[in-house]
Amino acid sequence: MNKLATATKIVLSASRRTDIPAFYLTWFMNSLDRGFFEVANPFNKRVARVPADPDTVDTIVFWSKDFGRFLAEEIGEELRNRGYGQLQVAAAGAEGPAAGKPLGSTRSTESPVRAAIDQLAF
């Protein structure tokens with residue numbers, strides 16, 4: 001077998017279509033326990049099985065507007081303890097590239113996105 005193929009790991013983009021940290025964290029963690037995710041293609045309804053073990057996944061990217069439960073349950077620390085090496089966070093909302101403003105650019109300390117960025121130091 002090709003050594004490059006066995007060393008290649010995937011980047012798992014969690015919640016690009018929905019807010020997993022805010023609404024589906026239990027499903028996400030249960031799928032990690034199983035070692036895979038079953039994800040339906042929204043266009044043709046075919047279900048794909050995506051591997052989710054630390055030997056296959058290099059990075060998990062979380063997209064969310066609300067990291068409250070993620071932080072309260074210390075999910076980042078738990079994932080690190082399970083062997084997932086890199087976690088990246090992308091806060092979605094009124095800030096960020098889609099809004100034409102860099103993340104954290106809002107000066108208000110009331111911004112929930114800004115508050116999450118300040119707490120997500122993993």
G83 fails exactly one of (1) small (G, A, S); (2) at pLDDT 85 or above; (3) in a loop (DSSP other than H, G, I, E, B), namely (2)
Every residue from segment 10-35 that is exposed (fewer than 12 other Cβ atoms within 10 Å of the Cβ) and acidic (D, E): D33
How about segment 36-78: which strands (runs of 3 or more DSSP E) wholly inside it have at least 1 residues that are free of Cβ contacts under 8 Å to residues at least 24 places away in the same chain, surrounded by 14 or more Cβ atoms within 10 Å (Cβ to Cβ) and not acidic (D, E)? 36-40
Screening F67, F28 for residues that are among the aromatic types (F, W, Y) and modelled with pLDDT under 85 leaves only F67
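The values are calculated or read from the model by the stated rules, or taken from the named source; none is laboratory data. Predicted model only: the values in this text are computed from it and were never measured. Note that each Cβ is placed from the backbone with ideal geometry, even for glycine, and that neighbours are counted across all protein chains shown.
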